[in-house]
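Written out below as structure tokens is the structure these notes cover.
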Amino acid sequence: MPRRRTRRRRREVTRVLRKDAALPEFDRGTVPEGLVTRRKLRDMQLSPGGNQGPVAILRCRLCATRPQWSCRHPTRGFLLRVDLAVPKRVPTLAQEWALDRAMAARQTCRDCGRRFYFCLSKKLGCCIECFDGTPVDPSSLMTIPLTHLLAA
């Protein structure tokens with residue numbers, strides 16, 4: 001029996017005039033000094049810290065052609081203040097050891113115990129050779145003894 005096709009409803013677009021938007025909006029290249037995105041904060045080794053939320057919106061490229069409308073696309077960026085940002089926290093040695101052990105567990109086959117340079121699939125739970133007999137590329141195996149490889 002053939003499936004009935006249902007028509008997709010067109011999503012209603014709620015447009016807001018740019019002057020009525022809740023937060024000020026800036027196009028790329030016109031952002032004032034002192035406002036950056038989360039990604040830029042991360043590149044500057046800072047975390048949002050005291051920022052209670054975005055102060056402004058960085059408009060997407062598509063909305064640059066529509067200056068009268070507010071940007072509602074998911075690709076827009078939220079701008080935060082740099083002066084309220086704080087330095088990133090440095091992990092302790094115990095935290096780095098824990099991350100190291102977790103990564104080692106993700107790279108080790110539970111059946112044969114071999115360790116790989118990449119993380120194994122959670123869905124399979126083991127390496128490809130143990131799962132279906134496909135030979136593993138020897139260059140992907142770690143032959144060095146397991147010493148600590150601090151994550152950070």
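Stretched out straight at 0.36 nm per residue, the stretch from Met103 to Phe78 would grow longer than its current Cα-Cα span by 5.8 nm.
Does the chain classify as rounded, prolate or oblate by the C-alpha gyration tensor (a ≥ b ≥ c root eigenvalues; a/c under 1.5 gives rounded; else a/b over b/c gives prolate, otherwise oblate)? Because a/c hits 1.5 or more and a/b fails to exceed b/c, the chain counts as oblate. Extension gain for Lys19-Asp43 works out to 5.5 nm (0.36 nm per residue, less the C-alpha to C-alpha distance). Estimated from helical segments only, the mean residue ellipticity of the chain at 222 nm is -5000 deg cm²/dmol, where each DSSP H run of four or more residues counts as -39500 (n - 2.57).
For the chain, excluding the exposed loop sites themselves (chymotrypsin sites (Phe, Trp or Tyr not before Pro), DSSP loop, at most 14 other Cβ atoms within 10 Å), the longest remaining stretch covers 1-116. Per residue, the Cα convex hull of the range 87-142 amounts to 100 Å³.
What a 1.4 Å probe finds exposed on the range 16-84 is 54% carbon and sulfur by accessible area, rounded to a whole percent.
Here the relative contact order of the chain, from alpha carbon pairs under 8 Å that lie six or more residues apart, stands at 20 percent.
Over the range 5-133, accessible surface divided per residue gives 79 Å², non-protein components excluded, 1.4 Å probe.
Applying a DSSP loop filter and a limit of 13 other Cβ atoms within 10 Å to the GluC sites (Glu not before Pro) in the range 1-76 leaves Glu12, Glu33. Which aspartates and glutamates have a Cα less than 19 Å from the Cα of Lys88, not counting those fewer than 8 places away in the same chain? Excluding near neighbours in sequence, the set is Asp43, Glu96. Please label the shape of the range 7-66 as rounded, prolate or oblate, based on the square roots a ≥ b ≥ c of the eigenvalues of the alpha-carbon gyration tensor (a/c under 1.5 means rounded; beyond that, a/b larger than b/c means prolate, else oblate). The shape class here is prolate.
The values are calculated or read from the model by the stated rules, or taken from the named source; none is laboratory data. In this text the structure is predicted, and so the values were computed from the model without any measurement. Cβ: placed from backbone, ideal geometry, glycine included. Neighbour counts: every protein chain shown. Ligands, DNA and RNA are excluded from the accessible area calculation, which covers all protein heavy atoms including side chains. Shrake-Rupley method; radii C 1.70, N 1.55, O 1.52, S 1.80 Å.
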